[in-house]
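Only the coordinates and a few stated rules stand behind these numbers; no lab work does. Given the structure is predicted, the values throughout are model-derived calculations rather than measurements. Glycine gets a Cβ as well: all are built from the backbone with ideal geometry, and neighbour counts include every protein chain shown.
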Amino acid sequence: MTTKDIIKPENLVYGKTKLMTENQMHYCPGCSHGVVHKLIAEVIEEMNIQDKAIGVAPVGCAVFAYNYIDIDWQEAAHGRAPALATAIKRLQPDKYVFTYQGDGDLAAIGTAETIHACNRGENIVIFFINNAIYGMTGGQMAPTTLEGMKTATCPFGRNTELNGYPLKISNLLAELDGTCYVTRQSVQKMASIVRAKKAIRKAFENSIAGKGTSVVEFVSTCNSGWKMSPHDSNKWMEEHMFAKYPLGDLKDTEKVHTEAK
Amino acid sequence: MEDFKLMKGNEAIAHAAVRCGADGYFGYPITPQSEVMETLMELKPWETTGMVVLQAESEVAAINMVYGGAGCGKKVMTSSSSPGMSLKQEGISYIASAELPCLIVNVMRGGPGLGTIQPSQADYFQAVKGGGHGDYRLIVLAPSTVQEMADFVGLGFDLAFKYQNPAMILADGIVGQMMEKVVLPPFKPRRTEEEVRQECPWGTTGKLPNRKRNIITSLALEAEVMENINLKLQAKYREIEKNEVRFEAHQCEDADYVLVAFGSIARICEKAMEMAREEGYKVGVLRPITLFPFPTNPIKELSQKVKGFLTVEMSAGQMVEDVRLTVNGTVPVEFYGRMGGIVPSAEEILAALKEKLIK
């Protein structure tokens, strides 16, 4: 059998979603961003909402998210994505509006915008990449940096006396009446990718059903910032990050409703 | 017969916004302009025109909501007062860089810092010279009456969309708070989704199969690309300077001395002018209506025939720098101002004119 014989439509087992552009990604090999981008693009394609999806990109590594997913995008100032998304959704209620933010963007400089968009119950989706570090600026401490974890601005490890504690912002957001769905996912292996994709779809469906704000946190790796191989990063994430940021649904109003019955 | 209403300048802004077909208002309360949002909330335009009105969690959030709305090609606006405007500067810089239309209202109060809630004009530099980071300009309109507060909402939006540039109504606290009779603009329907798509093909209205994706951004990492963006912006500002200068001249034809003032102070200067003329001094008033673009040509022309200018402002002297740049030393340009929320009287202005110029 030759290669020619193998490359046939009937043998196709996997195809890249048409919504991912041909642009070469700037993300480091092993970074979680690429997988999350792909999952969002796949869900948008499967839901057939390319003409209705509007993304808001953050400041941070994902600042160029608009180069990779073939939908309309706006690029926000650092931390302000939920404010932009608020207006975009309120002015165009039939659209699927989402933000894509990192931990510094969402949980440090943009904390007010995040909390208040969630508290108003804006019918938007917030995708939150938590890799416990500032990737774009070269590996500084993030609000979610773990205790003892070394970064460029806490070279001897995060010291809670000096820097306070890792911020479990999704737990905080789950407490707000405006959120309908807050979940913590990861994308380091096949099973987790399948779960994460389901969460993305559910979040989009919530937003158009007008249920309130959905937050999907992805506990992620930053092998460049963490100074580890992609493989070791995944291992380190499972051992350390998941202990502080356990995976699973933090809030699902549908479930609460069902249970109440 | 025209339908006169009696209302505050801030209220007129709100009524005019609904009537000119605005799609959204995003604000945060601050004295002396809170009546803008209060009036909008009472008008409930979401039940009539469909206009969105939202109280944001901060001025920072409000201007970024405007950024989001403007990116969709919508007619969106915000209002605030001096300390709040400082917070909005980051967002305004992004909006200017991304070349989006929007309307920003600043009802100025005395500063610096938390300052006072009394009227001021000390945000001239901030409004006219850029305000936030980077090289950019706003189209700045300075109303002196409640009627102009109402009229400049529609005009501001028109100019903003014409040039894809943020426009600002730079009012002092007096014009915001005082009540006068006003004829509100006629109702104009909001644009349909299709009209928005046609007027703003660059907007994030959802990527249809017949076009490429639209990206609203102010980011360009390559120096050459960013310089070209700057050159394009500068060319636009020159175009605005060429086409959009607005001013009002009172009795400048035979004037020996000209008072230059904007906003409500120009009206007090008119009173000072009348008093001066009663005493036999030939005095005129030039009121810039657009602060950017600044009325350089009319001032330059006057400088050929007058003996001097007195610029009067509720500040330590900001617009006077532009008058001096324009006159370029050909005749004296003096300044009189009050700060901290004090409004100069016509008598004070006349006395300053005599002391500094007529002598």
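I need the shape label for the range B:71-212. Rule: rounded when a/c is under 1.5, else prolate if a/b > b/c, else oblate, with a, b, c from the alpha carbon gyration tensor.
Oblate.
How many angstrom separate the Cα center of the range B:14-57 from the Cα center of the range B:84-124?
Centre-to-centre (Cα) distance: 18 Å.
Starting from the Cα gyration tensor of the protein assembly as shown, take the square roots of the eigenvalues, sort them a ≥ b ≥ c, and report rounded, prolate or oblate (rounded when a/c is under 1.5, otherwise prolate if a/b is larger than b/c, else oblate).
Prolate is the answer for the protein assembly as shown, as a/c is 1.5 or above and a/b outweighs b/c.
Roughly speaking, what is the centre-to-centre gap between the range B:169-243 and the range A:209-227 when only Cα atoms are used, to the nearest Å?
Distance between centres, Cα-based: 33 Å.
How many angstrom lie between the Cα centre of the range A:79-94 and the Cα centre of the range A:111-178?
Spelled out, the Cα-based centre of one part sits 21 Å from the other.
Quick check: residue separation of A:His231 and A:Val13 times 0.36 nm, minus the Cα distance between them. What number comes out in nm?
Stretched out fully, the A:His231 to A:Val13 stretch lengthens by 76.0 nm.
Do you know the relative contact order of the range A:1-156, to the nearest whole percent, from alpha carbon pairs under 8 angstrom that are 6+ apart?
18
FRET efficiency for A:Lys4 and A:Asp249, Cβ-Cβ distance as r, R0 = 45 Å, nearest 0.05?
With R0 = 45 Å, the Cβ-Cβ based efficiency is 0.40.
FRET efficiency for B:Thr31 and B:Phe125, Cβ-Cβ distance as r, R0 = 22 Å, nearest 0.05?
Efficiency at R0 = 22 Å is approximately 0.50.
Modelled label-to-label distance, A:Thr21 and B:Ser345, 7 Å Cα→beta-carbon offset: nm?
According to this spin-label approximation, the distance is 6.5 nm.
Percent relative contact order of the range B:4-194, based on C-alpha pairs within less than 8 angstrom and at least six residues apart?
31
Residues of B:83-90, mean number of Cβ from any other protein chain within 10 Å of their own Cβ, rounded to a whole number?
0
For a protection proxy built on the mean count of beta-carbon atoms within 10 angstrom, sort A:123-129, A:228-234, B:121-127 highest first, please.
Descending mean neighbour count gives A:123-129, B:121-127, A:228-234.
Give the percent of DSSP beta bridges with both residues in chain B that are antiparallel, rounded to the nearest 5.
25
Taking the Cα centre of the range B:247-358 as the origin, how large is its charge dipole in debye, to the nearest 20, when only Lys and Arg (+1) and Asp and Glu (-1) carry charge on their Cβ atoms?
Here the size comes out at about 160 debye.
Determine the shape class of the range B:247-358: with a ≥ b ≥ c the square roots of the Cα gyration tensor eigenvalues, call it rounded for a/c under 1.5, and otherwise prolate if a/b is greater than b/c, oblate otherwise.
In terms of gyration-tensor shape, rounded.
Please arrange B:Ser80, B:Ser34 by how many other C-beta atoms lie within 10 Å of their C-beta, fewest to most.
Fewest-to-most ranking of B:Ser80, B:Ser34: B:Ser34, B:Ser80.
What is the average number of partner chain Cβ atoms found within 10 Å of a Cβ in B:55-61?
Per residue, the average neighbour count from other chains is 6.
How shielded is B:205-215 by partner chains, expressed as the average number of their Cβ atoms within 10 Å of its Cβ atoms?
6
Take the Cβ-Cβ distance between B:Asn328 and B:Glu199 as r, set R0 to 41 Å, and report the resulting FRET efficiency rounded to the nearest 0.05.
In this case the efficiency is close to 0.50.
Order A:216-226, B:159-169, A:100-110 from most to least packed using the mean count of other Cβ atoms within 10 Å.
Final packing ranking: A:100-110, A:216-226, B:159-169.
Contact order normalised by length for chain A, with contacts defined as Cα pairs under 8 Å and 6 or more residues apart; what percent is it?
18
In nm, to one decimal, how far is the B:Lys300 label point from the B:Asn228 one, both placed 7 Å along Cα→Cβ?
3.2
Take the residue pairs A:Lys89/B:Lys8; B:Lys5/B:Lys242; A:Lys89/B:Lys236; A:Lys202/A:Lys244; A:Lys211/B:Lys188; A:Lys150/A:Lys244 and return only those whose Cα atoms are more than 27 Å apart.
The pairs that break the limit, which is 27 Å between Cα atoms, are A:Lys89/B:Lys8; B:Lys5/B:Lys242; A:Lys89/B:Lys236; A:Lys211/B:Lys188.
Using a simple charge model, +1 on the beta-carbon of Lys and Arg, -1 on the beta-carbon of Asp and Glu, nothing else, what dipole does the protein assembly as shown show about its Cα centre, in debye to the nearest 20?
1260
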